[in-house]
Amino acid sequence: MDQLKLTLARVIQKATNQKGIIDLFSIPPDSSLGDLSLPCFKFGKNPVDAAKKLAKIKLPKGFDKVITKGPYLNFFYDKTEIIKSALEYKEIKPKKNEKVMVEYSQPNTHKAFHIGHLRNVVLGDAIVRILRASGYKVIAANYIGDIGTHVAKSLWYIDKYCKKLPDKDYGNWLADVYVKATKKVSENERLKEEISQVLQKFEKGDKHFTALWKKTYKWSMDTFYAIYKELDVNFDIYFFESEVSHEGKKIALDLQKKGIARKDQGSLLVDLDKYKLGKYLVLKSDGTSLYSTKDLELAKRKFKKYNIDRNIYVVGSEQELYFKQLFKTLELMGFPQAKKCYHHSYGLVQLSSGKMSSRLGNVISYDELKNQVLKEAISEVKKRHKDWSKRKIKDTALKISMAALKFTMLCKERKRVIVFNVNESLSFEGESGPYLQYVYTRIKSIFKKAKVKEIKAFDAKVLTTQAEFELAKYILEFDSLISEIGENYKINMLPRYLLDLAQAFNSYYVSTKVLGQGENLTNSRLKLIENVAKTIKRGLNLLGIDVVEEM
RNA sequence: GCUCCUGUAGUCUAGUCUGGAUAGGACAUAACCCUGCGGAGGUUAUAGCGCGGGUUCAAAUCCCGUCGGGAGCGCCA
């Protein structure tokens, strides 16, 4: 269809002697008005006349007719041609040379993994999948916050107050320790000094704290790995703050030598006032490293060792200023790739009662939410399939739960804040992941009854309804949508598209019978809905969502 | 105080970058549709662009102002 649009644009370009026609095209508000529209406001003083004049042009192949509607010129595709292309549709695999690194998830060890982290992982994973589908070489990177003040705080608390270490449920225990430690410190400011000492000892390689760190670090990582496995998220590389901390300090000191950074109240900072970016602190006054210290070294590694062309950081919008500062500093350091660093920010996930904070412990953990949704899904599946085994019920319910969770995280425009109400469970109806899975099972069910594996003969000419034409258009739109998202990162366009397609299918389904319509018609309809199912499956997979055969 | 983001029916949301036709969808509410390929569905109804200016043939979209909500602004990450 992109090709059709292009040829039409050329024809009109010739007739009007104007450039950029292709950008003027729009989709009419209702498909009964046409498939493609050209507003004629820019062709002379009287757009209605201009439209009438242009309506006389000779239409290129693939177009059926053109009508005018006031100042609009509305084109209709040749329906049979479109349906034919949709029936014969083959997946394309584009190739691009650019190498992109997507850094996401970045959880801190020794803290809770909550639903805010979930939005990040799901978003990052979808970006990775979509960029790969649009042809980029993608490195999926995680960056674990395994050291820093928060870890020192936990180690300090465990060392000082915990007589017994747990033997199970490590992740939650650590999350709880962090909350308690924060509370302790807030009651007595002087304890901060003790924590600073623990951090300094640890950074110098103190044996006791290193051993304690190793043990507790592993507990956290095992918790994360389990979550990633369940979410079906895979990383190509794990970076750790601990491995860039030391080199980061060198960079900070080097920045001072070069006059990019200066000392201020004992700490080192890069003054970015003249770029309206405030001051960027790169080393603490006690000589230990900061988030920024480590990010400088991390970026350097990405550029030099991994030789990437583009670098995407998936991090919440509250860090927008921080990343602007980081990118500017990288630029001052002379990295040409600094201009190709991109902060993919997104809105907070918060509770109806307000912002979540690992420090305060008022969070919904990933496990908590998942278990709630899973419970609901299990009961729904049970209702429908009394004969299924427990195992099958749970497997299916888990896939449905994942669809519900991920879809909720992805269908909103990225900057939008997501507010969770603890008591409201996620919906499986309406605009939801399960709604899309449902469409897939309906199609699969038809195929089961049809008892055909492969449709060899089909004929576009027998598919004459508007609904069939609409479905065909959706199928043909998919590839350009993916490549568009690969450029603008508007992930939520994909869930939106899938909802539209699903809805179009559902109304087709209730109005049109596929089976028992004679071999020719039935086979052609089967072919069409098979391609609908494939498109939905591909789309869901790009969002990290699995389909189910039955639900 | 300064900076950034955001405001669309009772609730949630798409559209805003790149201005075009009747602002699309979901939930809730009220009707209706299984002798049919799966009702986690379909059809219909009700209801909306915070406010005030400006630019334009045309504004949810751009500009200015204003009000409400959120986030950030040196030793957290």
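The values are calculated or read from the model by the stated rules, or taken from the named source; none is laboratory data. Just so it is clear, the model here is predicted, and its values are computed rather than measured. Every residue, glycine as well, gets a Cβ built from its backbone with ideal geometry; the counts of neighbours run over all protein chains shown.
You will find that of A:G316, A:G287, the residue that is at positive phi and touching a residue at least 24 places away in the same chain (Cβ under 8 Å) is A:G287 and no other.
Of all the numbered requirements in (1) over 24 Å from A:A141 (Cβ atoms); (2) more than 13 Å from RNA strand B (Cβ to nearest atom); (3) buried (at least 20 other Cβ atoms within 10 Å of the Cβ), A:F303 misses one, and that requirement is (1). Collect the residues in the stretch A:346-356 that are within 10 Å of RNA strand B (Cβ to nearest atom) and at pLDDT 85 or above, keeping them in residue-number order. Within the stretch A:346-356, A:Y346, A:G347, A:L348, A:Q350, A:M356 meet the criteria. How many residues does the stretch A:218-245 hold that are out of contact with any helix residue (DSSP H, G or I) (no Cβ under 8 Å at 6 or more places or on another chain) and not in a loop (DSSP other than H, G, I, E, B)? So the answer is 11. Of the helices (runs of 4 or more DSSP H) contained entirely in the stretch A:71-161, those carrying at least 3 residues that are surrounded by fewer than 19 Cβ atoms within 10 Å (Cβ to Cβ) and modelled with pLDDT under 95 fall at A:149-161. Would you mind stating whether A:A457 is small (G, A, S) and at pLDDT 95 or above? No: the conditions fail for A:A457.
Contact annotation: residue pairs with Cβ atoms under 6 Å, 6 or more positions apart or on different chains, pairing a residue in the stretch A:198-218 that is without any contact (Cβ under 8 Å) to a residue 24 or more places away in the chain with a partner that is part of a helix (DSSP H, G or I), are A:K201/A:F209. In the condition set (1) in contact (Cβ under 8 Å) with a residue 60 or more places away in the chain; (2) within 16 Å of RNA strand B (Cβ to nearest atom); (3) not β-branched (V, I, T), A:A152 is compliant with all but (1). Would you confirm whether any residue within the stretch A:519-529 is of a type in the set (G, A, S), within 14 Å of RNA strand B (Cβ to nearest atom) and either closer than 30 Å to A:I127 by Cβ or surrounded by fewer than 19 Cβ atoms within 10 Å (Cβ to Cβ) (or both)? Checking the stretch A:519-529: not a single residue is of a type in the set (G, A, S), within 14 Å of RNA strand B (Cβ to nearest atom) and either closer than 30 Å to A:I127 by Cβ or surrounded by fewer than 19 Cβ atoms within 10 Å (Cβ to Cβ) (or both). Can we say A:Y291 is under 30 Å from A:I127 (Cα atoms), of a type in the set (S, T, Y), surrounded by 13 or more Cβ atoms within 10 Å (Cβ to Cβ) and modelled with pLDDT of 95 or more? Against the criterion (under 30 Å from A:I127 (Cα atoms), of a type in the set (S, T, Y), surrounded by 13 or more Cβ atoms within 10 Å (Cβ to Cβ) and modelled with pLDDT of 95 or more), A:Y291 does not qualify. Scan the stretch A:37-48 and give yes if some residue there is under 30 Å from A:D459 (Cα atoms) and under 35 Å from the mean Cα position of the chain (by Cα), otherwise no. Checked the stretch A:37-48: at least one residue is under 30 Å from A:D459 (Cα atoms) and under 35 Å from the mean Cα position of the chain (by Cα).
Just one residue in the set A:V532, A:V452 is surrounded by fewer than 18 Cβ atoms within 10 Å (Cβ to Cβ), more than 30 Å from A:H344 (Cα to Cα) and in contact with a Leu (Cβ under 9 Å, 6 or more places away or on another chain); that residue is A:V452. Whether any residue in the stretch A:43-58 is away from RNA strand B (no atom under 16 Å from the Cβ), surrounded by 13 or more Cβ atoms within 10 Å (Cβ to Cβ) and in contact (Cβ under 8 Å) with a residue 24 or more places away in the chain is what I want to check. Yes: the stretch A:43-58 contains one or more residues that are away from RNA strand B (no atom under 16 Å from the Cβ), surrounded by 13 or more Cβ atoms within 10 Å (Cβ to Cβ) and in contact (Cβ under 8 Å) with a residue 24 or more places away in the chain. If you filter the stretch A:198-208 down to residues that are assigned to a helix (DSSP H, G or I) and under 16 Å from A:S289 (Cβ atoms), you find that the one that is modelled with the lowest pLDDT is A:E203. Confirm whether A:Q517 is over 23 Å from A:L231 (Cβ atoms) and in a loop (DSSP other than H, G, I, E, B). Criteria met by A:Q517.
Identify, from the list A:K192, A:K201, the residue that is surrounded by fewer than 18 Cβ atoms within 10 Å (Cβ to Cβ) and within 23 Å of A:F240 (Cα to Cα). The match here is A:K201. The lone criterion from (1) under 23 Å from A:Q503 (Cα atoms); (2) at pLDDT below 95; (3) more than 7 Å from RNA strand B (Cβ to nearest atom); (4) polar (S, T, N, Q) left unmet by A:S427 is number (3). I'd like to know if the stretch A:6-23 contains one or more residues that are surrounded by fewer than 14 Cβ atoms within 10 Å (Cβ to Cβ) and within 8 Å of RNA strand B (Cβ to nearest atom). Looking for residues that are surrounded by fewer than 14 Cβ atoms within 10 Å (Cβ to Cβ) and within 8 Å of RNA strand B (Cβ to nearest atom), one finds at least one in the stretch A:6-23, hence yes. Would the stretch A:533-542 turn up any residue that is polar (S, T, N, Q) and closer than 30 Å to A:M409 by Cα? Yes, because at least one residue in the stretch A:533-542 is polar (S, T, N, Q) and closer than 30 Å to A:M409 by Cα. Of A:V373, A:V363, all but one fail to be out of contact with any Pro (no Cβ under 9 Å at 6 or more places or on another chain), crowded, with 20+ Cβ neighbours inside 10 Å and either outside any helix (DSSP H, G or I) or charged (D, E, K, R) (or both); the exception is A:V363. From the list A:K456, A:K473, the one residue that fits, being of a type in the set (K, R), more than 8 Å from RNA strand B (Cβ to nearest atom), more than 30 Å from A:K99 (Cβ to Cβ) and outside any helix (DSSP H, G or I), is A:K456. Scanning the stretch A:270-286 for residues that are hydrophobic (A, V, I, L, M, F, W, C), buried (at least 18 other Cβ atoms within 10 Å of the Cβ) and more than 7 Å from RNA strand B (Cβ to nearest atom) gives A:V270, A:L277, A:V282, A:L283. Of a type in the set (A, V, I, L, M, F, W, C) and modelled with pLDDT of 95 or more - does that describe any residue in the stretch A:430-440? Scanning the stretch A:430-440 turns up at least one residue that is of a type in the set (A, V, I, L, M, F, W, C) and modelled with pLDDT of 95 or more.
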